[in-house]
Amino acid sequence: MLNVGVIGAGHLGKIHLRLLNQSEHYNLIGFYDSNPTYAQEVSKEFNYPLFSSIDDLIAAVDVIDIVTPTLSHFETAKKVIEAGKHVFIEKPITNTIEEAEDLVQLAKKHQVKGQVGHVERFNPAFQAVTKMIDKPMFIEAHRLAEFNPRGTDVPVVLDLMIHDIDAILSVVKSNVKKINASGVSVISETPDICNARIEFENGCVANLTASRISLKQMRKARFFQKDAYISVDFLEKKCEVVKMKDAPESPGDFDMILQNAEGIKKQIYFDNPEVEENNAILEELETFADAINNNTTPRVTLEQGTKALQVAKQIIESFSN
């Protein structure tokens, strides 16, 4: 078991504390939060050991889990890495691309492992179809949320859309060629609604929409590729795979057959992979422990977190163009 400490005990930090405390991969040593009064309340309520300084917590553990506001990610992670400790950082990796690139280099220099908390990679519906997504050429993603004051200090791209950016980058094996986007500020100082079109060098196009002032919740993505359509409902944790193959010469009564103008017949069939229930946050934390213990590559590397941030920043920059 790896000794772990958590920095940041807000809404998400408390979830991480609870899961690490029950995990068989970790031994929760304690936590630190910059608000001493609040930290005392959390420690008293849940009986988690409270550390009065970040340095003392870092010195006491093998791994630090950073669940603080994005602006503090870089300085905190820098301290952790320079102390030779492994680091898990909630998304987005840092506030700027330069900071993210510095962390990548620091982690290599100090030979520590890092993982970024892009939790949708561990969504059971997405995991069930990831291996079936092969050279998608058109992708559509919608991520709509009801208004929540928490998170409105950053544009909706960094708050919500970055989940879909990372998921898409993980399955499209090509560099980004061009980005067009528009964003609208409705209630916040930063954009609350955004639509982005990402064109990749291999011809794939991804159309992403994110809103944090919607009347309903939605987290869906659809992947279109040759002879297949794959949909993922991240919220309901459901997926659907519709495939096409050459029609048999003697189709059955219930076979779905399509014929195009050239007379070519295709059979449509459904492949609904089994979605295995999991706790995505617990799984992402425990796969990081596995990567440390087995000296393997983390599932969401610091480099991948940096790439998602780069694309998110490009989208934000294109608002003003």
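Think of the chain as a dipole: +1 on every Lys or Arg Cβ, -1 on every Asp or Glu Cβ, centred on the Cα centre; then among A247, F234, P92, A247 lies furthest on the positive end. Expressed as a whole percent, the accessible surface of the range 60-104 that belongs to carbon and sulfur atoms is 51, based on a 1.4 Å probe. Taking all protein chains into account, the per residue accessible area for the range 1-146 stands at 45 Å² (1.4 Å probe).
For K243, the solvent-accessible surface with a 1.4 Å probe is about 60 Å², rounded to the nearest 10. In order along the range 190-206, phi translates into HN-Hα couplings of 10, x, 9, 10, 8, 10, 10, 10, 10, 9, 9, 4, 7, x, 5, 10, 10 Hz, rounded to whole numbers, per the Karplus curve 6.51 cos²θ - 1.76 cosθ + 1.60 with θ = phi - 60° and x for Gly and Pro.
With only Lys, Arg, Asp and Glu charged, each at its Cβ (+1 for the first two, -1 for the last two), find how big the charge dipole of the chain is about the Cα centre; round to the nearest 20 debye.
That gives the chain a dipole magnitude of about 500 debye.
Measuring with a 1.4 angstrom probe and ignoring ligands and nucleic acids, L169 comes out at about 40 Å² accessible. What you get for the range 183-276, charging only the Cβ of Lys and Arg (+1) and of Asp and Glu (-1), is a dipole of about 340 debye around the Cα centre. Between P124, N278, L309, the Cα set farthest toward the positive side of the dipole of the chain (charges on each charged residue's Cβ, about the Cα centre) is that of L309.
Measuring between their Cα centroids, the range 33-98 and the range 125-191 lie 26 Å from each other.
Give the ranking of H110, H73 by solvent-accessible surface, highest area first, calculated with a 1.4 Å probe.
Numbers: H110 60, H73 0 Å².
Most to least solvent-accessible, the answer reads H110, H73.
Only residues of the range 167-187 count here: report those whose backbone N is under 18 Å from the spot 7 Å along Cα→Cβ of H11, or say none. Those under the cut-off are 187.
Of K173/K265; K243/K265; K177/K245, which pairs sit farther than 22 Å apart, going by alpha carbon to alpha carbon? Walk me through the numbers before you get to the answer.
Working: K173/K265 31 Å; K243/K265 14 Å; K177/K245 32 Å.
Where the Cα-Cα span goes over 22 Å, the pairs concerned are K173/K265; K177/K245.
Fully extended, how many nm does the chain gain between Q22 and A83 (0.36 nm per residue separation, minus their Cα-Cα distance)?
Details: separation 61, 0.36 × 61 = 21.96 nm, distance 2.61 nm.
In short, 19.3 nm is gained.
What is the dipole size for the range 148-222, taken about its Cα centre, with +1 at each Lys and Arg Cβ and -1 at each Asp and Glu Cβ, in debye to the nearest 20? Mind dumping the intermediate values first?
Details: 10 positive and 8 negative charges, 72 e Å.
Using Cβ point charges on Lys, Arg, Asp and Glu, the range 148-222 gives about 340 debye.
Once fully extended, how much extra length lies between E317 and T96, figured as 0.36 nm per residue of separation less the alpha-carbon to alpha-carbon distance? Mind dumping the intermediate values first?
On the way: separation 221, 0.36 × 221 = 79.56 nm, distance 1.26 nm.
Full-extension gain reported as 78.3 nm.
Full extension of the segment from K216 to K265, taken as 0.36 nm per residue of separation minus the current Cα-Cα distance, would add 13.7 nm.
Mark the label point 7 Å from the Cα of E276 along Cα→Cβ and return the residues of the range 21-52 whose backbone N is within less than 12 Å of it. Residues passing the 12 Å test: none.
Share of the range 171-321's accessible area from carbon and sulfur, percent, 1.4 Å?
Working: 4040 of 8780 Å².
On the range 171-321, the fraction of accessible area on carbon and sulfur atoms equals 46 percent.
Counting only heavy atoms of the protein chains and using a 1.4 Å probe, D227 has close to 60 Å² of accessible surface. Between A181, L208, Q40, the Cα set farthest toward the positive side of the dipole of the chain (charges on each charged residue's Cβ, about the Cα centre) is that of A181. Based on protein heavy atoms only, the range 220-321 ends up with 61 Å² per residue of surface accessible to a 1.4 Å probe. Each helix, a run of at least 4 DSSP H residues, gives -39500 (n - 2.57); summed and divided by the residues of the chain, these come to -9500 deg cm²/dmol at 222 nm. Counting only protein chain heavy atoms and rolling a 1.4 Å probe, the accessible areas of I54, I93 rank, largest first, as I54, I93.
The candidate values are (1) 46; (2) 42; (3) 39; the one derived from this structure for percent of Cα pairs over 28 Å apart carries the label (1). The longest stretch of the chain left intact once loop-based GluC sites (Glu not before Pro) with at most 16 other Cβ atoms within 10 Å are removed from consideration, loops following DSSP, is 25-145.
The values are calculated or read from the model by the stated rules, or taken from the named source; none is laboratory data. Here the structure is a predicted model, which means the values were calculated and not measured. Reconstructed Cβ throughout: ideal geometry from the backbone, glycine too, with neighbour counts over all protein chains shown. All accessible areas refer to the heavy atoms of the entire protein, side chains included, with ligands and DNA or RNA removed. Shrake-Rupley method; radii C 1.70, N 1.55, O 1.52, S 1.80 Å.
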